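The values are calculated or read from the model by the stated rules, or taken from the named source; none is laboratory data. The structure displayed is predicted, hence computed values, not measured ones. Here Cβ is always computed from backbone atoms with ideal geometry, including for glycine, and neighbour counts include all displayed protein chains. Note: areas computed on protein heavy atoms with side chains; ligands, DNA, RNA excluded. Shrake-Rupley method; radii C 1.70, N 1.55, O 1.52, S 1.80 Å.
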Amino acid sequence: MLSQLKTRAPQLPIYGFNVMMRLAPTADGRNEAYRDQLSRWAELSVVAEMSKEVAALEREIPASALADYKSARSRNFAVNLENVRMVGRGVLDYLILSQDDARPRSVHVAERERLRGEAQKTSLTQKIAVQPGADEVSMLLVARALNMKFGRTPRVAVLYSSETIRTSVAPYEDRPLHRTISFHIAAAGAREVAAPAESDIAFFVYGSRAEAGAADKFVEAVGRAVDGGRRVIVADIDFKGDVQGGDPQFTENLRRRQVFPRLAGYAAWNTAGNTIGTALPHGIVFVGATARPEMTEDKSRARRIAQAQAKFMLHRLIDDYAYHSLVRPAANNFARSKFLNHHGSEANGQAAIETFIRERLRPHVDDLWKDFSASGAPQRLGEWSPFAVTELTDFRLHLPWGRTFEAEIDFTLR
């Protein structure tokens, strides 16, 4: 289908993405007895000196589950290899192969390197990105498409909360953080620069939750940049890997500094790649829109931009921070107390968990949106817009897969 589409519309750019299979299968309530062993097998099966432990794992894992896992990996690799060849045939103009949850060593490394080798054979390395991530990749490609359409290559300077964080490998990833970020910047159609003074966007990356005083210090740096009129994106990364949401101390400090209504982009959810690949394209798209005078001189258009920006920023705060960090742990405890499975409940159990979440989350929602009101925020939402939020209505929350790991959240702003 894609080949036929490209033949009929050769000038139409087509961007593609696919995931390189993660190490452990998704928890579904049925595989919990051997899920961790499968992940461990994938990590150790490539290490010759671990053959005894690998053999022991293969005795523990059901034979059908291991066969299914190997078959899935083989199929996934074949699909990705064909994706690379589609770039070679000119069907895809740009391709991201993103590595879902992984570690520095595992069976995925050989798959990744074979795909890179195939790209190098055809001199297509500039058109094929092999990088960490999964859920967020489509957002990177939206940013890239807009940058290409309008001839923009925004310059991004990255500022880390510490050098240790910059060079560390985040949970569920397989390379140092700074390399992950460099890949994401390039995939979004932007260019990384070393000096903030030479940049269009300052990208602040916080990952120092375990370091005393780091939150206060980094918030001050973010605040100074915003007060100075810089376009700023903030990524809040959980390096422990057990929260999967925004850090309360860092987030509340940013709120007290009245930063959120003036940020270009923000995220704080799940893996480092998820957070980076959400915050970065968010900020790049917003900066690209507001950098064009024709987009902001018209009052109606400026209002739509302001509403979209406020809604996406509030959505991140409600979902990444209020839900995942403040409410979800309590929801999981509630589920356990009622003998419900928070990894996936039946209809009645899911309804009870959703009711619990809505009741606990709504006060946080009412508190957060007022940061974007005329009384709670600076008079202007950034330097380009005089609008402020006056009301949040129609708040909705649903657990689309019956588990608390992700929530579908929506609302209306006025």
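A few comments on the model shown:
- Looking only at segment 41-64, residues that are under 30 Å from Gly402 (Cα atoms), at pLDDT 85 or above and either part of a helix (DSSP H, G or I) or not hydrophobic (A, V, I, L, M, F, W, C) (or both) come to 4 in all.
- Residue within segment 149-163 that is surrounded by fewer than 18 Cβ atoms within 10 Å (Cβ to Cβ), more than 18 Å from Gly223 (Cα to Cα) and aromatic (Phe, Trp, Tyr) present: yes
- Number of positions in segment 386-411 that are open to solvent by 50 Å² or more (accessible area, probe 1.4 Å) and among the polar types (S, T, N, Q): 1
- Taking each residue of segment 100-111 that is more than 14 Å from Pro171 (Cα to Cα) and at pLDDT 70 or above and looking for partners that are part of a helix (DSSP H, G or I) and among the basic types (Lys, Arg) with beta-carbon atoms closer than 8 Å, six or more apart or interchain, yields Val107/Arg73; Glu111/Arg73.
- Subset of segment 319-344 (residues that are open to solvent by 40 Å² or more (accessible area, probe 1.4 Å) and touching a His at 6+ places or on another chain (Cβ under 8 Å)): Leu326, Arg336
- Flag if His282 is under 20 Å from Val137 (Cβ atoms) and either at pLDDT 95 or above or under 20 Å from the mean Cα position of the chain (by Cα) (or both): yes
- Listed by position, the helices (runs of 4 or more DSSP H) inside segment 121-223 whose residues that are in contact (Cβ under 8 Å) with a residue 24 or more places away in the chain and under 19 Å from Ala264 (Cβ atoms) number at least 3 are 137-149, 177-187.
- Screening segment 231-251 for residues that are surrounded by 22 or more Cβ atoms within 10 Å (Cβ to Cβ) and among the hydrophobic types (A, V, I, L, M, F, W, C) and picking the one that is farthest from Val285 (Cα to Cα) gives Phe250.
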